[in-house]
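The values are calculated or read from the model by the stated rules, or taken from the named source; none is laboratory data. In this text, all values refer to a predicted model and were calculated from it rather than measured experimentally. Counting neighbours? That spans all protein chains shown, and the Cβs are built from the backbone with ideal geometry, glycine included. The protein model used for the area step is the full one, side chains on, heavy atoms only, and it has no ligands, DNA or RNA in it. Shrake-Rupley method; radii C 1.70, N 1.55, O 1.52, S 1.80 Å.
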Amino acid sequence: MADPVGAAKQAREALKSDGSCMIVEPFAGDQVEDNLNPIGRIYYGASSQVCVPVSLARKGPALGAQAGEKRLREVIVNGGGFRRLRRATQTPFNMVLEARP
């Protein structure tokens, strides 16, 4: 995604004050060593071949497939204008975040 902060802002503007936004992301830890497992290695490979080049080509931040919850919080809360963010659930492959105004 070339502009994740812009996407978060658009989602926030579209919500009513009691709404919520669900974000599904590849499961990733905040530290590189948290992602050195079979699934993390697949995500790093996909990120370096698809996610990062597409974002860079569109002048984006190139978060890639290994943006952990801390980095996503910066995008969604600090940049996107949401006030609350929580991890609603997770699997070995994905994390589901809930953002609220």
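Evaluate the following for LYS70: is it loosely packed, with under 12 Cβ neighbours inside 10 Å, under 27 Å from ARG100 (Cβ atoms) and out of contact with any Lys or Arg (no Cβ under 6 Å at 6 or more places or on another chain)? Steps first, please.
Details: loosely packed, with under 12 Cβ neighbours inside 10 Å: yes; under 27 Å from ARG100 (Cβ atoms): yes; out of contact with any Lys or Arg (no Cβ under 6 Å at 6 or more places or on another chain): yes.
Criteria met by LYS70.
If the Cβ limit is 8 Å and pairs must be 6+ apart or interchain, which residue in region 70-96 that is in contact (Cβ under 8 Å) with a residue 24 or more places away in the chain pairs with which residue that is open to solvent by less than 90 Å² (accessible area, probe 1.4 Å) and of a type in the set (Lys, Arg)?
Close Cβ pairs (under 8 Å, with a partner that is open to solvent by less than 90 Å² (accessible area, probe 1.4 Å) and of a type in the set (Lys, Arg)) amount to GLY80/ARG12; GLY81/ARG12; PHE82/ARG12; PHE82/ARG100; MET95/ARG87; VAL96/ARG87.
Could you tell me whether region 9-22 includes any residue that is surrounded by 14 or more Cβ atoms within 10 Å (Cβ to Cβ), aliphatic (A, V, I, L, M) and over 14 Å from GLU69 (Cβ atoms)?
yes
I need every pair where a residue in region 20-40 that is at pLDDT 95 or above has its Cβ under 7 Å from the Cβ of a residue that is assigned to a helix (DSSP H, G or I) and buried (at least 18 other Cβ atoms within 10 Å of the Cβ), sequence separation at least 6 or different chains.
Note: pairs meeting the criteria are CYS21/ALA11; ILE23/ILE76.
Just to verify a result, which residue in region 45-101, among those that are in contact with a strand residue (DSSP E or B) (Cβ under 8 Å, 6 or more places away or on another chain) and of a type in the set (Asp, Glu), is nearest to GLN10 (Cα to Cα)?
Among those that are in contact with a strand residue (DSSP E or B) (Cβ under 8 Å, 6 or more places away or on another chain) and of a type in the set (Asp, Glu), it is GLU98.
Scan (1) part of a loop (DSSP other than H, G, I, E, B); (2) at pLDDT below 95; (3) exposed (fewer than 14 other Cβ atoms within 10 Å of the Cβ) for the single condition ALA65 breaks and write down its number.
Unmet for ALA65, out of (1) part of a loop (DSSP other than H, G, I, E, B); (2) at pLDDT below 95; (3) exposed (fewer than 14 other Cβ atoms within 10 Å of the Cβ): (3).
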